[in-house]
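Here's the structure we're looking at; comments come further down.
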Amino acid sequence: MDKPHAFLPVSRDFFDRPTLELAKELLGCLLVKEAEDGLAAGYIVETEAYIGPGDRAAHSFENRRTKRTEIMFADSGYAYTYLMHTHCLVNVVSGGSANPEAVLIRAIEPAYGTELMSARRRGAFGKNIANGPGKLTKALGISMEDYGHPLWQSPLFIAEGTPPHSITEGKRIGIENSGEARDYLWRFWITGNQFVSRHRKEEK
DNA sequence: ATAATGATAGGCT
DNA sequence: GCCTATCATTATT
């Protein structure tokens, strides 16, 4: 590995925009983690929006405020991490302090520290390193210790990347029991990118 | 395709 | 306190 690249975090007001817009704006950005055992970063290639009060699939549906969702009621730009079975998933808090909304980061394309990411993923190779929300946290070393971390600062932050040439939208994944919310087109990915987690059967 | 995994929250008795 | 569901992943049929 060559000398760690000097990544420049986005400014705090980067997160100050509507959630659906932020979800698309995050595509192509870098997600960077500076850990004890090294730096790793990847391009965000897939996101999903969770818009609290009216979104049955969101943890903050109907403004449900608990210890777990507390950070969603904070200002935009903080990390909302939570555990799903054995896996940690990471979201970017959005909607400002008035709205409990978030953007789930579902997949990244390894860009720096690929060897380290692969090692953390027990030798997974290529797109298998981080093509899923639980996989990318493992690859980057993100855990519950990052809960509430401001994503405009080291050691975990969003950095400017490469704007995507084209964005495709579709239905979200893994929320089959969420009533009408399951059909909202609140999932976004970089068109044609090979590192997206997966596609629904009825979609390409 | 399906089962096991096993953290945490939320709803219930 | 017990029960069930969950914004998954992996290994196994």
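The values are calculated or read from the model by the stated rules, or taken from the named source; none is laboratory data. The structure displayed is predicted, hence computed values, not measured ones. Cβ atoms come from the backbone with ideal geometry, glycine included; neighbour counts cover every protein chain shown. These accessible areas exclude ligands, DNA and RNA; they are computed on the full protein's heavy atoms, side chains included. Shrake-Rupley method; radii C 1.70, N 1.55, O 1.52, S 1.80 Å.
Odds and ends about this structure:
- Flag if A:GLY174 is small (Gly, Ala, Ser) and crowded, with 17+ Cβ neighbours inside 10 Å: no
- Yes/no for A:LEU31 being within 24 Å of A:ARG120 (Cα to Cα), among the hydrophobic types (A, V, I, L, M, F, W, C) and modelled with pLDDT of 95 or more: yes
- Tabulated pairs, region A:81-109, first at positive phi, second modelled with pLDDT under 90, C-beta under 9 angstrom, 6+ apart or interchain: A:GLY95/A:GLY52
- Among the residues of region A:121-130, just one is touching a residue at least 40 places away in the same chain (Cβ under 8 Å) and open to solvent by 40 Å² or more (accessible area, probe 1.4 Å), namely A:LYS127.
- Given (1) touching a strand residue (DSSP E or B) at 6+ places or on another chain (Cβ under 6 Å); (2) closer than 17 Å to A:ILE44 by Cα; (3) more than 15 Å from DNA strand C (Cβ to nearest atom); (4) open to solvent by 10 Å² or more (accessible area, probe 1.4 Å), index of the condition A:PRO133 fails: (3)
Residue-wise test of (1) touching a strand residue (DSSP E or B) at 6+ places or on another chain (Cβ under 7 Å); (2) under 17 Å from A:PRO150 (Cβ atoms).
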position: A:LEU8; (1), (2): yes, yes
position: A:LEU20; (1), (2): yes, no
position: A:GLY54; (1), (2): no, no
position: A:SER76; (1), (2): yes, yes
position: A:CYS88; (1), (2): yes, no
position: A:VAL92; (1), (2): yes, yes
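- Among residues of region A:177-199, those that are away from DNA strand C (no atom under 11 Å from the Cβ) and surrounded by fewer than 19 Cβ atoms within 10 Å (Cβ to Cβ), counted: 7
- Qualifying residue in region A:16-24 (condition: away from DNA strand C (no atom under 12 Å from the Cβ), under 12 Å from the mean Cα position of the chain (by Cα), over 25 Å from A:LYS138 (Cβ atoms) and outside any loop (DSSP other than H, G, I, E, B)): yes
- Residue in region A:65-115 that is modelled with the lowest pLDDT, counting only those that are open to solvent by 60 Å² or more (accessible area, probe 1.4 Å) and more than 14 Å from DNA strand C (Cβ to nearest atom): A:LYS67
- Filtering region A:75-87 for residues that are away from DNA strand B (no atom under 16 Å from the Cβ), in contact with a helix residue (DSSP H, G or I) (Cβ under 9 Å, 6 or more places away or on another chain) and of a type in the set (Asp, Glu) leaves a non-empty set.
- Test: residue in region A:44-53 that is within 16 Å of DNA strand B (Cβ to nearest atom) and under 26 Å from A:THR168 (Cβ atoms): yes
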